[in-house]
């Protein structure tokens, strides 16, 4: 397998096209800018006399990231394979001793680097802002949030690569990426609440959610990220992502609603679409 050559070339191409620098600028603006903005909020506005720690910055970043990280990841990858198919450069690439699996894996790794490194740079810059303006850097929670952010990005990179491999044209890949983004960000909640409304005749309140409804919500990668970051960092009392225990009102949960299961869902979104996209790509005619 020679996927690493494709990953290297894909990463180098991104740097030459200035996409990499643009992403670095975006994440510095989002992460460091968000952290700085939180430091300007008056003490009595939402935290009363609680010390200003990095956890409060994470509250703001969580809200921002559920919108922008999936979008940036999908935009970075949707044309990675479909775009080359449109331009016929994919035929040229496959005329060299590369397999289609090399192409899919190489594109996934290359684009993952293109997105992950700017995320890390954004957090590094934000760390200096926190050290300079905040009372405490809760390093453990901060590192957990960084890891979960990268996992969220990889999940949508996997989804985007899968669509790009399966799509016959760049336009189709754009449509699929836009559709899945809107589905997970907006329509997923509407759909499962409508299902509950039809079955039960109403919308459940906190502590009244049936386990099956929480599960439908949890398999959404955006919700899984929200639940995990809220749970591990202790943000349930501040944010919209109440943990499954609070939603169901129960003392214990089945495995499929626990934190390991939520991590598994994110990993599956990263892996399964890539596999399915490769299977479709392997069978497709690119001539």
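Every residue, every condition in (1) more than 30 Å from residue 52 (Cβ to Cβ); (2) touching a helix residue (DSSP H, G or I) at 6+ places or on another chain (Cβ under 9 Å), yes or no:
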site	(1), (2)
135	no, no
141	no, yes
148	no, yes
154	yes, yes
166	yes, yes
173	yes, yes
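The one condition from (1) free of Cβ contacts under 8 Å to residues at least 60 places away in the same chain; (2) in a helix (DSSP H, G or I); (3) over 24 Å from the mean Cα position of the chain (by Cα) that residue 90 does not meet is (1). Selection of segment 9-23 for residues being part of a helix (DSSP H, G or I) and within 18 Å of residue 84 (Cα to Cα) yields 9, 10, 11, 12, 13, 14, 15, 16, 19.
Could we say that residue 247 is on the phi < 0 side of the Ramachandran plot and at pLDDT 85 or above here? For residue 247, the condition - on the phi < 0 side of the Ramachandran plot and at pLDDT 85 or above - is not met. With respect to the conditions (1) surrounded by fewer than 18 Cβ atoms within 10 Å (Cβ to Cβ); (2) in a helix (DSSP H, G or I); (3) touching a residue at least 40 places away in the same chain (Cβ under 8 Å), residue 194 falls short on a single one, namely (3). Scanning segment 36-78 for residues that are modelled with pLDDT of 90 or more and assigned to a loop (DSSP other than H, G, I, E, B) yields a total of 1. Per the listing 131, 157, the residue uniquely assigned to a helix (DSSP H, G or I) and within 15 Å of residue 39 (Cβ to Cβ) is 131. Residues that are closer than 30 Å to residue 218 by Cα and surrounded by fewer than 18 Cβ atoms within 10 Å (Cβ to Cβ) do occur in segment 104-114, at least one of them.
The values are calculated or read from the model by the stated rules, or taken from the named source; none is laboratory data. Quantities reported herein were computed from a predicted structural model and do not represent experimental measurements. Cβ sites come from the backbone with ideal geometry, for glycine too, and all protein chains shown count toward neighbours.
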